[in-house]
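The values are calculated or read from the model by the stated rules, or taken from the named source; none is laboratory data. In this text, all values refer to a predicted model and were calculated from it rather than measured experimentally. FYI the Cβ positions are ideal-geometry reconstructions off the backbone, even for glycines, and counts take in every protein chain you see.
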Amino acid sequence: MRAFSCVSVKTGDRLLPLDAPSYRAFVATIGEGEEVLVEFADPTGEIPKTRQQEKGLHAMIAPWAKAEGHRVDDLKRDLLREVFGEQEHLNPITHEVSMVLREPHTSTLTKAQYSDLIERTLQIGAECGHVLIAPDEWRRMHAAEGAPQQDETRDGPAAGAVLEAV
(Lines give C-alpha, C1' and ligand atoms only; values in the text may rest on other atoms or scores of the structure.)
Protein backbone atom coordinates (compact mmCIF):
# COMPACT_ATOMS: atom_id res chain seq x y z
CA MET A 1 0.00 0.00 0.00
CA ARG A 2 1.34 3.42 -0.89
CA ALA A 3 1.69 5.87 1.97
CA PHE A 4 1.70 9.63 2.25
CA SER A 5 1.78 11.76 5.35
CA CYS A 6 1.29 15.47 5.66
CA VAL A 7 0.88 17.74 8.64
CA SER A 8 -2.50 19.45 8.47
CA VAL A 9 -4.31 22.13 10.44
CA LYS A 10 -7.97 21.99 11.39
CA THR A 11 -9.90 25.06 10.30
CA GLY A 12 -13.59 24.89 11.07
CA ASP A 13 -14.72 21.48 9.88
CA ARG A 14 -11.88 21.06 7.36
CA LEU A 15 -8.32 19.79 7.49
CA LEU A 16 -5.96 21.91 5.44
CA PRO A 17 -2.60 20.35 4.49
CA LEU A 18 0.37 22.56 5.27
CA ASP A 19 2.22 21.11 2.28
CA ALA A 20 -0.63 21.58 -0.20
CA PRO A 21 1.45 21.01 -3.39
CA SER A 22 2.68 17.60 -2.17
CA TYR A 23 -0.80 16.70 -0.97
CA ARG A 24 -2.35 17.58 -4.35
CA ALA A 25 0.40 15.67 -6.18
CA PHE A 26 -0.30 12.55 -4.11
CA VAL A 27 -4.07 12.84 -4.57
CA ALA A 28 -3.50 13.11 -8.32
CA THR A 29 -1.92 9.63 -8.28
CA ILE A 30 -5.08 8.07 -6.84
CA GLY A 31 -7.22 6.45 -9.51
CA GLU A 32 -10.91 7.27 -9.87
CA GLY A 33 -12.87 5.06 -7.48
CA GLU A 34 -9.66 3.73 -5.87
CA GLU A 35 -9.95 3.19 -2.14
CA VAL A 36 -7.25 4.64 0.08
CA LEU A 37 -6.56 4.36 3.78
CA VAL A 38 -6.46 7.67 5.62
CA GLU A 39 -4.96 7.65 9.11
CA PHE A 40 -5.02 10.52 11.56
CA ALA A 41 -2.33 10.87 14.20
CA ASP A 42 -1.25 13.45 16.70
CA PRO A 43 2.21 14.52 15.44
CA THR A 44 3.26 15.40 18.98
CA GLY A 45 2.71 11.82 20.14
CA GLU A 46 3.39 8.34 18.92
CA ILE A 47 1.74 6.96 15.80
CA PRO A 48 -1.01 4.53 16.87
CA LYS A 49 -0.94 0.92 15.76
CA THR A 50 -2.82 0.03 12.61
CA ARG A 51 -5.75 -2.31 12.14
CA GLN A 52 -3.59 -4.22 9.67
CA GLN A 53 -1.03 -4.87 12.43
CA GLU A 54 -3.76 -6.12 14.78
CA LYS A 55 -5.19 -8.48 12.18
CA GLY A 56 -1.74 -9.66 11.15
CA LEU A 57 -0.68 -10.57 14.69
CA HIS A 58 -3.89 -12.47 15.37
CA ALA A 59 -3.68 -14.35 12.06
CA MET A 60 -0.03 -15.15 12.75
CA ILE A 61 -0.51 -16.57 16.26
CA ALA A 62 -3.90 -18.27 15.86
CA PRO A 63 -2.49 -21.48 14.31
CA TRP A 64 0.18 -21.64 17.03
CA ALA A 65 -2.40 -21.27 19.79
CA LYS A 66 -4.66 -23.88 18.18
CA ALA A 67 -1.80 -26.35 17.68
CA GLU A 68 -0.97 -26.21 21.39
CA GLY A 69 -4.54 -26.04 22.68
CA HIS A 70 -4.36 -22.45 23.93
CA ARG A 71 -6.75 -19.57 23.48
CA VAL A 72 -5.39 -16.85 21.17
CA ASP A 73 -5.94 -14.19 23.87
CA ASP A 74 -3.96 -16.24 26.40
CA LEU A 75 -1.04 -16.64 23.99
CA LYS A 76 -1.21 -12.94 23.17
CA ARG A 77 -1.08 -12.08 26.88
CA ASP A 78 1.94 -14.35 27.33
CA LEU A 79 3.66 -12.69 24.37
CA LEU A 80 2.97 -9.23 25.84
CA ARG A 81 4.59 -10.41 29.08
CA GLU A 82 7.62 -11.80 27.28
CA VAL A 83 8.12 -8.78 25.00
CA PHE A 84 7.26 -5.85 27.29
CA GLY A 85 7.74 -7.36 30.74
CA GLU A 86 5.94 -6.91 34.03
CA GLN A 87 5.86 -4.34 36.79
CA GLU A 88 4.87 -4.36 40.43
CA HIS A 89 1.37 -3.30 41.37
CA LEU A 90 0.25 -2.44 44.88
CA ASN A 91 -3.34 -3.51 45.39
CA PRO A 92 -5.00 -0.53 47.13
CA ILE A 93 -7.53 -2.82 48.81
CA THR A 94 -5.43 -5.71 50.11
CA HIS A 95 -2.09 -3.87 50.07
CA GLU A 96 -0.56 -6.93 48.45
CA VAL A 97 2.06 -6.49 45.76
CA SER A 98 1.60 -8.45 42.55
CA MET A 99 3.19 -8.46 39.12
CA VAL A 100 1.10 -7.11 36.24
CA LEU A 101 1.76 -6.66 32.53
CA ARG A 102 3.68 -3.48 31.70
CA GLU A 103 1.65 -3.26 28.46
CA PRO A 104 -1.60 -5.10 29.25
CA HIS A 105 -3.52 -4.23 26.07
CA THR A 106 -2.44 -4.28 22.43
CA SER A 107 -5.00 -1.53 21.79
CA THR A 108 -2.73 1.02 23.50
CA LEU A 109 0.46 0.09 21.65
CA THR A 110 2.06 2.45 19.19
CA LYS A 111 2.82 1.40 15.63
CA ALA A 112 6.50 0.94 16.54
CA GLN A 113 5.65 -1.13 19.64
CA TYR A 114 3.30 -3.32 17.58
CA SER A 115 6.03 -3.84 14.99
CA ASP A 116 8.37 -4.90 17.79
CA LEU A 117 5.71 -7.26 19.12
CA ILE A 118 5.31 -8.90 15.70
CA GLU A 119 9.09 -9.23 15.20
CA ARG A 120 9.65 -10.67 18.68
CA THR A 121 6.69 -13.03 18.23
CA LEU A 122 8.39 -14.48 15.16
CA GLN A 123 11.55 -15.05 17.23
CA ILE A 124 9.71 -16.45 20.24
CA GLY A 125 7.69 -18.77 18.02
CA ALA A 126 10.91 -20.11 16.49
CA GLU A 127 12.43 -20.59 19.96
CA CYS A 128 9.32 -22.59 20.89
CA GLY A 129 9.65 -24.79 17.78
CA HIS A 130 7.16 -23.05 15.52
CA VAL A 131 7.86 -21.29 12.24
CA LEU A 132 5.47 -18.39 11.86
CA ILE A 133 5.16 -16.39 8.68
CA ALA A 134 5.06 -12.64 9.15
CA PRO A 135 1.90 -10.96 7.83
CA ASP A 136 3.78 -8.87 5.25
CA GLU A 137 5.67 -11.93 4.00
CA TRP A 138 2.41 -13.88 3.68
CA ARG A 139 0.90 -11.08 1.58
CA ARG A 140 4.01 -10.91 -0.64
CA MET A 141 3.99 -14.68 -1.20
CA HIS A 142 0.35 -14.69 -2.19
CA ALA A 143 0.70 -11.61 -4.39
CA ALA A 144 3.62 -13.29 -6.20
CA GLU A 145 1.49 -16.39 -6.77
CA GLY A 146 -1.16 -14.20 -8.34
CA ALA A 147 -3.70 -15.14 -5.70
CA PRO A 148 -6.55 -12.67 -5.38
CA GLN A 149 -6.33 -10.54 -2.27
CA GLN A 150 -9.12 -10.75 0.28
CA ASP A 151 -11.43 -7.79 0.76
CA GLU A 152 -10.62 -6.91 4.40
CA THR A 153 -13.84 -5.03 4.96
CA ARG A 154 -15.97 -7.94 3.82
CA ASP A 155 -13.95 -11.09 4.44
CA GLY A 156 -11.89 -10.23 7.51
CA PRO A 157 -8.13 -9.98 7.64
CA ALA A 158 -6.15 -10.22 4.46
CA ALA A 159 -3.12 -11.03 6.60
CA GLY A 160 -2.62 -14.75 7.02
CA ALA A 161 -0.10 -16.96 8.64
CA VAL A 162 1.11 -20.48 8.37
CA LEU A 163 2.35 -22.53 11.28
CA GLU A 164 4.77 -25.35 10.83
CA ALA A 165 6.05 -27.46 13.70
CA VAL A 166 9.82 -27.94 13.50
Every residue in region 53-78 that is within 18 Å of residue 110 (Cβ to Cβ) and of a type in the set (Gly, Ala, Ser), please. 56
Those helices (runs of 4 or more DSSP H) lying entirely in region 101-166 with at least 2 residues farther than 14 Å from residue 52 by Cα, of a type in the set (A, V, I, L, M, F, W, C) and at pLDDT below 95: 135-144
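Kindly evaluate residue 54 against the criterion of being among the charged types (D, E, K, R), assigned to a loop (DSSP other than H, G, I, E, B) and either touching a strand residue (DSSP E or B) at 6+ places or on another chain (Cβ under 9 Å) or surrounded by 13 or more Cβ atoms within 10 Å (Cβ to Cβ) (or both).
Answer is no for this residue.
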So residue 60 passes all but one of these: (1) touching a Ser or Thr at 6+ places or on another chain (Cβ under 9 Å); (2) assigned to a loop (DSSP other than H, G, I, E, B). Which condition number does it fail? (2)
From 139, 102, which residue is among the charged types (D, E, K, R), farther than 30 Å from residue 4 by Cα, surrounded by 11 or more Cβ atoms within 10 Å (Cβ to Cβ) and outside the structural domain of residue 7 (by TED's automatic domain parsing)? 102
Filtering region 1-32 down to residues that are small (Gly, Ala, Ser) and part of a strand (DSSP E or B) yields 8
Regarding region 30-46, can at least one residue be identified that is polar (S, T, N, Q), modelled with pLDDT under 85 and under 19 Å from the mean Cα position of the chain (by Cα)? no
Enumeration of residues in region 63-72 that are surrounded by fewer than 17 Cβ atoms within 10 Å (Cβ to Cβ) and part of a helix (DSSP H, G or I): 66, 67, 68, 72
